[in-house]
Amino acid sequence: MEGEHRPGHFHGVATVVSKLFHISRPHRAYFGQKDLQQVAIIRQLVADLSFDLELVAYPTIREADGLAMSSRNRRLGPEARAAAPRLYQALALGASLVEEQQHTPEAVQLAVEQFLAAEPGIELEYFAIADGRTLQPITGQWTPGSLVALCLAAHVGSVRLIDNVLVTLA
């Protein structure tokens, strides 16, 4: 998802984080779930390089209107800030459809894309439905007990924002 739209970004993240872990030798490292794809990369890096540390992912902290907290939010003008909560509303819509397990992943994809297309201040870059552990795309049927990640990136005004939610299927 992010790698397709930001080539080389995660290579740089992995290099910097690896150097930081080598220098500081932490027992724990804390990352926010808002950057779910980054957490997955770092989790794999910790395993591959046998770092002796616990990786802790904290839930996304949100504004009262649902917008994921980010330093980028300060760059949103008044109109863009008013539109930005629609990102979380779209993810919540997708999550409710996934939880019902009555709609295919493709139908959920379409519903979220149509929801965001109705907001003139938002230009969707991507919306993806993936396995919450591997981040591989989910297609076809839902698997009970699986962790589903709904991830998106969009330009709200001139600011690029990312967000995600996780759904555990019953």
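Within the full protein context, the accessible area of THR134 is estimated at about 80 Å² for a probe radius of 1.4 Å. Note on exposure: PHE31, PHE21 ranked by accessible area (1.4 Å probe, complete protein assembly) read PHE31, PHE21, with the most exposed listed first. Among beta bridges identified by DSSP and lying wholly in the chain, the antiparallel ones come to about 80 percent. Taking all protein chains as shown and a probe of 1.4 angstrom, HIS22 keeps an accessible surface of around 100 Å².
Value of Rg to Rh for the stretch 41-170, rounded to two decimals, is 1.00; Kirkwood radius and Rg both from alpha-carbon coordinates.
Around the amide H of ASP131, modelled in the peptide plane, lie the amide H atoms of GLN136, ILE138, ALA149, all under 5 Å away and 5 or more residues distant in sequence or on another chain.
Taking only the alpha carbons of the stretch 61-138, we obtain Rg and Dmax values of 13.5, 39 Å in that order.
The relative contact order of the stretch 77-125, computed from alpha carbon pairs under 8 Å that lie at least 6 residues apart in sequence, is 42 percent. Remark: accessible surface ordering of ARG81, ARG75 (largest first) is ARG75, ARG81, probe radius 1.4 Å. Among the protein heavy atoms, those of ASP48 account for about 110 Å² of accessible surface (1.4 Å probe, every chain in place).
For the chain, the longest principal axis of the alpha carbon atoms and the long axis of helix 9-24 meet at an angle near 40°. Helix-only estimate, please: 222 nm mean residue ellipticity of the chain, summing -39500 (n - 2.57) across DSSP H runs of length 4 or more and dividing by its residues, to the nearest 500. For the chain, the value works out to -12000 deg cm²/dmol. Each of GLU100, GLU119, GLU63 has its accessible area taken with a 1.4 Å probe; listed largest first, they run GLU100, GLU63, GLU119.
In this calculation the C-beta distance from LEU49 to ARG133 is compared with R0 = 22 Å, giving a FRET efficiency of 0.70. For the chain, the relative contact order is 19 percent, taking Cα pairs closer than 8 Å that sit 6 or more residues apart in sequence and dividing their mean separation by the residue count. The charge dipole of the stretch 28-146, taken about its Cα centre with unit charges on the Cβ of Lys, Arg, Asp and Glu (plus for the first two, minus for the last two), comes to roughly 420 debye. So how tilted is helix 105-117 from the main axis of the chain? Cα-based, degrees 0 to 90, rounded to 10. Between helix and principal axis, roughly 70 degrees.
The values are calculated or read from the model by the stated rules, or taken from the named source; none is laboratory data. What you see is a predicted model; the values in this text were computed from it and never measured. Counting neighbours? That spans all protein chains shown, and the Cβs are built from the backbone with ideal geometry, glycine included. Note: accessible area is taken over every heavy atom of the protein model, side chains too, but ligands, DNA and RNA are not part of it. Shrake-Rupley method; radii C 1.70, N 1.55, O 1.52, S 1.80 Å.
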